[in-house]
Every structure is written in structure tokens, then in C-alpha cells.
Amino acid sequence: MTAPKLSIVIITLNEAKRLPLLLDDLKLQTFTGFEIIHVDSNSDDETVAISRQYAADFNHYQTIEMTCQGVSLGRNTGARAAKGKRLLFLDADTRLAPNFLMNSLRELDTHNSDVGIVLMSSKGLPWHHALGYKAFYLGIRATTHFFPTAIGACLFSTPSVHEAIGGFDENITLCEDRNYALKAFKT
């Protein structure tokens, strides 16, 4: 069996309600050359049991149970297990359109990008939240070439970049995704 083109690393902590929605979205993807690596940070709800039920729905799926918690630790643990040519780090509450993976990979290939983020939709949010999202995203776009940032809920990378920058800094508990983008930019 050939290695998957994409390794999707999903980190969780008590996401029994949200994880099934993301996994259902992944079942509907038009691009199927991916593996799923679910890394759980010692949940005390049914997250792991639900993950194991979904494993049969995918060709390449593994669940890794950690005994401690940590977003960066979880992402790095998943990246170490990855076999794909690209990495996609997702939070369990992320939702994806059926053509998301195909379109994203096409964009990354077209622009020869090793690292990329996806700006989430504010559709359905109260107007004041949607306005905040738009202002935040405008700032991200305006500073991308000299002060890049990232949103870890949906971040693409490659194994070589991930390794070269030392992955996510496990000593950072907030804005670890921004730190990742800055290290990648410098590399």
C-alpha cells in the first residue's frame, strides 16, 4: 500500500460531541489520499471510544492516547506518527466542506507552499463576532509577508519543515500556532 499524500493530525481533549462532526466531514471529502492520526490528551469522556468506532470508516486511521495534556505535545506526537508528504493539523471543532482537502492541496501545490493556514468562515455568527473575525483576518493578510501568524485549528505543513523548526514549542500554552508560523517563516 502506498503512503498517503496527506497526514491529518486531530488533537482532542473531551471532544465527544465535536469529533464526530469533523470525522463525518472527512468521510465526505472528494480527496481520499489521507491518513488520520487522532491524538487524545487523556479525555475523560467518550472521545476515544467514538474515535475507535470511526476508524473502520477510513483506510488509514490510528488513535494515540496520551497520558498527559498539551496542544503542542499532541500535534508533535501526531506528526511523529505521520507517513504523508504533507501534514494538516486540525482541532476537533473544525468543519470542512467536501472539496476542502482537494482545493487546499491544489492551492498549496500551485503556490509551492510548504506551510499554509485556512481562515475560517464567520457565517452564522452574530454580527459583532463576524466583524471581529473579518478584522482579525484582515490583519493576518496585511502582515503575512513580514510577520506571519497562523491559526492552529487548520494549519498545513510538511514533515521536513516541521522537523527543521523543531515542531510546535511544547513550552508554549498560548499562541503556539503563531510561534510555529514565525519559525517556519524564518526557515
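All of the numbers you see were taken from the coordinates with simple rules; none came from a lab. As the structure is a computational prediction, the values presented were derived from the model and not from experiment. For neighbour counting, all protein chains shown are included, and Cβ atoms are generated from backbone atoms with ideal geometry for every residue, glycine included.
What to note about this one:
- Selected from THR110, ALA81, ASN14, residue furthest toward positive end of dipole (the chain; charges at beta carbon): THR110
- When only Cα pairs below 8 angstrom with a gap of at least 6 residues are kept, the stretch 34-100 shows a relative contact order of 37 percent.
- Computed helical MRE - 222 nm, the chain, DSSP H runs ≥ 4 contributing -39500 (n - 2.57), nearest 500: -11500 deg cm²/dmol
- Under 5 Å, built H, 5+ apart or other chain: amide partners of GLU46: ALA16
- Between GLN69, GLN53, GLN29, the Gaussian network model of the chain with springs among Cα atoms under 10 angstrom shows the greatest mean-square fluctuation at GLN53.
- Volume per residue of the convex hull around the Cα atoms, evaluated for the stretch 1-98, comes out as 86 Å³.
- Under a model in which nothing but the beta-carbon of Lys, Arg (+1) and Asp, Glu (-1) is charged, the chain shows a dipole of about 640 debye around its Cα centre.
- Prolate/oblate/rounded call for the chain, Cα gyration tensor, a/c under 1.5 rounded: rounded
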